[in-house]
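Values in this text are rule-based calculations from the coordinates and carry no lab data. Note that this is a predicted model, so its numbers are computed, not measured. Quick reminder, even Gly has a Cβ in these numbers, built from the backbone with ideal geometry, and neighbours come from all protein chains shown.
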Amino acid sequence: MSLAWPIGAHAQTVLVVGDSISAAYNMDVAVGWVALLERRLAQNKPPYKVVNASISGDTTAGGVARLPRLLSQHRPRVVIVELGGNDGLRGLPPDQAKRNLAAMITRAQSAGAKVLLLGIRLPPNYGIRYNERFQQIFGELAAEKRAAIVPFLLEGVAANTDFMQSDGIHPKASAQPQILENVWGQLRPLL
């Protein structure tokens with residue numbers, strides 16, 4: 001039995017709003033996890049279009065500012081939010097990042113999109129207390145906003161020096177398939 005989709009049906013959109021990890025920092029964007037996701041979703045019936053609105057260095061405040069236009073322009077079915085790492089690296093209060101992420105989730109959900117929040121962790125030199133609070137905001141938000149979550153985007157990547165660039169923050173091209181798999185398990189049910 002073949003599952004055909006109606007003539008005239010158009011691709012639905014997955015919008016990725018992230019920072020350098022989703023913008024394929026220091027590598028060809030065609031090998032980044034978002035490009036790999038786009039290729040995987042292009043095979044769906046109906047296909048999904050992926051819009052990568054990620055900007056290296058972006059913060060949650062930048063995401064809040066950019067999201068309304070992105071939602072209006074692309075009308076996504078799913079919004080993947082991969083922000084917060086730069087807030088943490090700048091030592092900004094975790095609760096400030098949480099408020100910004102909450103605003104993004106609320107706005108996306110109000111526009112009819114499902115949300116997948118990608119959690120991130122900071123290097124240990126930021127201290128146990130700060131790191132623990134920073135990590136907690138992602139799980140709290142997912143529960144409060146009933147959003148899907150990947151607790152740690154770089155699971156199986158960050159601790160493997162073969163997968164990380166020399167800065168210890170950004171993953172290499174070789175890590176991108178693993179990052180996609182980390183996302184896929186939570187994204188697939190939202191499609």
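Give me the distance in nm between label points sitting 7 Å out from Cα along the Cα-to-Cβ direction at residue 109 and residue 43, one decimal.
In this crude spin-label approximation the distance works out to 3.3 nm.
Between residue 133 and residue 72, 0.36 nm times their residue separation minus their Cα-Cα distance comes to what?
Details: separation 61, 0.36 × 61 = 21.96 nm, distance 3.29 nm.
Full extension from residue 133 to residue 72 adds 18.7 nm.
Modelled label-to-label distance, residue 65 and residue 173, 7 Å Cα→beta-carbon offset: nm?
Going from the residue 65 label point to the residue 173 one covers 3.3 nm.
Report the full-extension gain for the segment residue 29 to residue 56: residue separation times 0.36 nm, less the Cα-Cα distance, to one decimal in nm.
Values: separation 27, 0.36 × 27 = 9.72 nm, distance 1.19 nm.
Value of the extension gain: 8.5 nm.
Below 8 Å, C-alpha to C-alpha, sequence gap of six or more: please give me the relative contact order for the chain in percent. Write down the numbers at each step before the final one.
Working: 320 pairs, mean separation 40.0, N = 191.
Once divided by the residue count of the chain, the mean separation gives 21 percent.
Fewest first, what order do 166, 22 take by the number of other Cβ atoms within 10 Å? Intermediate values should be presented prior to the final figure.
Values: 166 9, 22 27.
Sorted ascending by nearby Cβ count, the order is 166, 22.
Once a ≥ b ≥ c are taken as the square roots of the eigenvalues of the Cα gyration tensor of the range 12-190, is the result rounded (a/c under 1.5), prolate (a/b larger than b/c) or oblate (a/b not larger than b/c)? Mind showing how you got there, number by number?
Numbers: a/c = 1.67, a/b = 1.13, b/c = 1.48.
Here the range 12-190 falls in the oblate category.
For every helix of n ≥ 4 consecutive DSSP H residues, a contribution of -39,500 (n - 2.57) applies; sum these over the chain, divide by its total residues, and give [θ] at 222 nm rounded to the nearest 500 deg cm²/dmol. Mind showing how you got there, number by number?
Working: 6 runs with 76 residues, N = 191.
Result for the chain: -12500 deg cm²/dmol, rounded to the nearest 500.
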